[in-house]
Structure formats: structure tokens, C-alpha cells
Amino acid sequence: MVKPKPKANRESDPGRVTAHRLNRVEYNNTIRDLLSVSVHPADDFPVDDSGYGFDNISDVLSVSPMLMEK
């Protein structure tokens with residue numbers, strides 16, 4: 001007989017959650033997937049910041065004033 005697994009502790013702290021912003025590659029892929037077009041609008045965006053060698057860490061990415069204007 002298999003014993004049921006105990007339920008997860010629902011009161012555990014998930015930690016700090018940072019809002020996620022798409023990097024340039026993710027943005028281009030989203031446009032391609034949603035609209036079925038082969039344009040790359042994010043190529044005109046400013047270069048993404050990077051942290052620890054990655055450009056998709058939410059804590060590192062920001063929205064520059066120039067990007068907000070676009």
C-alpha cells in the first residue's frame with residue numbers, strides 16, 4: 001500500500017518576486033509567435049543590461065527613458 005504524500009506547507013514564504021520584462025530576443029519571438037510575421041521590432045530597442053552573463057534576469061533588466069518613449 002502506498003502512503004499519500006503530505007500536503008505542501010501553504011504558509012511558506014516564496015521570497016521576493018520581481019516583475020519580468022521581456023528581453024529583445026524574447027520580445028521578437030513573442031511578436032513572431034503571436035502575429036506570424038517575420039519582423040524584428042526589438043532590434044531597434046537599446047541593448048539590454050546583463051547580469052551574471054544573462055540578459056533575462058528580472059533584477060538586472062530595467063526600462064530606460066528612451067525605451068519608454070519608443
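For residue 50, the accessible surface of its heavy atoms amounts to roughly 80 Å² (probe 1.4 Å, protein chains only, rounded to the nearest 10). By a 1.4 Å probe calculation restricted to protein chains, residue 44 has an accessible surface near 110 Å², given to the nearest 10. With a 1.4 Å probe rolled over the protein heavy atoms of all chains, the accessible area of 26, 11 falls in the order 11, 26, largest first. Extending 7 Å from Cα along the Cβ direction at residue 49 and again at residue 68 yields two label points whose distance is 1.4 nm.
The values are calculated or read from the model by the stated rules, or taken from the named source; none is laboratory data. All values derive from a computational prediction rather than experimental measurement. In this analysis, Cβ positions are derived from the backbone assuming ideal geometry, glycine residues included, and neighbour counts consider all displayed protein chains. The protein model used for the area step is the full one, side chains on, heavy atoms only, and it has no ligands, DNA or RNA in it. Shrake-Rupley method; radii C 1.70, N 1.55, O 1.52, S 1.80 Å.
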